[in-house]
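This report refers to the structure that appears directly beneath it.
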Amino acid sequence: MTTSRAGETATRVPDRSADRTAGRIAELAGRRAKAVASGGPGRRGEFGARERIERLMDAGSFTETGLFVRARAAGDGARRPYGDGVVTGHGTVDGRTVCVFAQDSTVFGGSMGEAFGEKAVALMDLALRIGCPVVGLNDGGGARIQEGVASLALYAELVRRNVRASGVIPQISVVLGPCAGGAAYSPAITDFTVMVDGASHMFVTGPDVIEAVTGERTSAEDLGGARTSNAVNGNAHFLAADEQDAFDTVRELLSYLPANNLERPPEYAPGPVPDGAWLDEVVPDRLGQAYDMHDVLRAVVDDGELLEVQELFAPNIICALARVEGRSVGVVANQPLHAAGVLDIDASEKAARFVRFCDAFGVPLLTFADVPGYLSGVRQEQAGIIRRGAKLLYAYAEATVPKVTVVVRKAYGGGYAVMGSKHLGADISLAWPTARIAVMGAEGAVGVLHRRELAAAADPEALRARLVAAYESTHGTPYLAAERGYVDDVIAPRETRAHVCRALRTLRGKRAPMPERRHGNIPL
Ligand SMILES: CC(=O)SCCNC(=O)CCNC(=O)[C@H](O)C(C)(C)COP(=O)(O)OP(=O)(O)OC[C@H]1O[C@@H](n2cnc3c(N)ncnc32)[C@H](O)[C@@H]1OP(=O)(O)O
């Protein structure tokens, strides 16, 4: 039954022939159903590409782009499924716009053909134009072999977009299956990579190729599984228990981040502030005794919540996103529980990248120092601790976001300078009375300064004990640094949150223009 413009009612059977309106609308429905069907459940029983997106985004918010894109005809009988193996589009996460692509492992193994690549590139361009984060769900065989150089070209185009977007919009990669060869380099350039325990693999060449080339035998899991990538080589930043956990991690991560480098992260109302009185008892009386820096951090940030980045890699330094008075901060802290919180190559590189991320996206830096210095040793020197450790110095010195530092205990040698010191541009530096800001610890200093006296002493141990005590009372305190204004205040540990809140509030309007240049030359 239809109503004509004139108002008379008539019964009409729609003419569904292909060249009539009703026929064309019916054809659309058929084509759409066929296109959507190409993204069914995953091959290994995991979620399909579209279901993954639905689970990541706010319910019902996803709008697909390029649903009808197909490979250009490549001769009779060529397989040209709609979508070409990747689902792209935009939607919202917690009400904020996010662009997303999901490789569909049921189509050519999720490998990237020309049309696939063009869709991914177009999505990146869209995200850059509107200034929103991009999340890539990776599960594919890399370059599509039968499409040859066209596929390789699109990989390079995609990486070029990743680089253009770096520091402009947050880029997050989720690896849900294989991610090999050239395909692994796009996630490597993005800001964060999430992998699923037991399901994800990242490597340049797989176990079979390695065995053929070098004779080494290994498994995909040992080579580039989620645990290897999180704990051993640091390629990944988050280890998820399963796919849903990976999506939840991405949603949580996004809650700390701005949509782009010109916006501020969203703000949240914090819960009630706990009494931090017990912080006065955190630092043990014995200098060599460890404590868990997490306890300190949880007493300072809102609701005691930390989203730790690269938690399993270089645990001697903690990098975490958190909030103070509802606003995002990037926390960097030495962890005395692991290797006494020493700065080695891995810790320096981990923290340097995190500091640069925070700086790029306007997230203030909150540093907690308890560091015996850079790690000494032949292996570290030969592996390049000078060049690679310098990255952290560079990152802190380069960062123009508000920088607040709390020296908790040791701040020795280069460790003092690098861990957010005023000399590298900290805006506000605080120290606990337990801080020891010196060139080195008492034992080492006494050994160097009093070698001859100790050798000649009738009771060298008694003399050593006296000299160590004398050194501790002068150099093993925060007060020499405070006298010079290198720390702004020495505070009771229980008052740390109050001081940090005030400092970050004060620094909210900070401006620190850098000299014009094409870009700096960080040691790589
Ligand atoms: C720049 C670069 O990216 S270089 C890297 C090039 N890519 C590679 O070397 C990876 C090649 N592929 C593989 O090693 C494996 O297919 C894996 C590890 C990705 C997946 O292994 P499995 O889960 O066992 O899946 P399987 O090997 O059966 O592949 C599934 C389907 O995807 C296809 N496929 C997988 N990778 C590709 C590819 N790169 N190009 C075209 N088709 C591919 C397979 O031919 C197979 O198709 P079929 O179902 O029609 O037979």
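Across segment 126-145, the qualifying residues are those that are of a type in the set (A, V, I, L, M) and modelled with pLDDT under 95, and the one among them that is nearest to Gly167 (Cα to Cα) is Ala143.
Right, Val363: among the β-branched types (Val, Ile, Thr) and touching a Ser or Thr at 6+ places or on another chain (Cβ under 7 Å) or not? Yes: the conditions hold for Val363. Looking at Gly425, is it under 25 Å from Ala470 (Cβ atoms) and either in contact with a helix residue (DSSP H, G or I) (Cβ under 8 Å, 6 or more places away or on another chain) or in the same structural domain as Leu504 (by TED's automatic domain parsing) (or both)? For Gly425, the condition - under 25 Å from Ala470 (Cβ atoms) and either in contact with a helix residue (DSSP H, G or I) (Cβ under 8 Å, 6 or more places away or on another chain) or in the same structural domain as Leu504 (by TED's automatic domain parsing) (or both) - is not met.
State the number of residues belonging to segment 158-188 that are away from the ligand (no atom under 14 Å from the Cβ) and touching a strand residue (DSSP E or B) at 6+ places or on another chain (Cβ under 8 Å).
Final tally of qualifying residues: 8.
The set of residues in segment 68-106 that are assigned to a loop (DSSP other than H, G, I, E, B) and buried (at least 23 other Cβ atoms within 10 Å of the Cβ) comprises Asp104, Ser105.
The set of residues in segment 356-388 being polar (S, T, N, Q), in a loop (DSSP other than H, G, I, E, B) and within 19 Å of Val301 (Cα to Cα) is empty.
Counting the residues of segment 105-125 that are within 15 Å of the ligand (Cβ to nearest atom), within 24 Å of Ala59 (Cα to Cα) and modelled with pLDDT of 95 or more gives 1. Candidates Ala340, Ala369: the one that is under 26 Å from Leu253 (Cα atoms) and out of contact with any His (no Cβ under 9 Å at 6 or more places or on another chain) is Ala369.
Take the conditions (1) free of Cβ contacts under 8 Å to residues at least 40 places away in the same chain; (2) farther than 15 Å from Ala320 by Cβ; Thr400 misses just one of them, which is (1). Restricting attention to segment 67-110, the residues that are polar (S, T, N, Q), closer than 20 Å to Lys34 by Cα and touching a residue at least 40 places away in the same chain (Cβ under 8 Å) add up to 3. Filtered by the rule that a residue be touching a Pro at 6+ places or on another chain (Cβ under 9 Å) and either modelled with pLDDT under 90 or in a helix (DSSP H, G or I) (or both), segment 454-478 gives a lone residue, Leu454. Could you please find all residues in segment 80-104 being of a type in the set (Gly, Ala, Ser) and more than 11 Å from the ligand (Cβ to nearest atom)? Hits for segment 80-104 are Gly83, Gly89, Gly91, Gly95, Ala102.
The values are calculated or read from the model by the stated rules, or taken from the named source; none is laboratory data. No experiment lies behind these values; they were computed from the predicted model shown. Note that we place each Cβ from the backbone using ideal geometry, even for glycine, and neighbour counts take in every protein chain shown.
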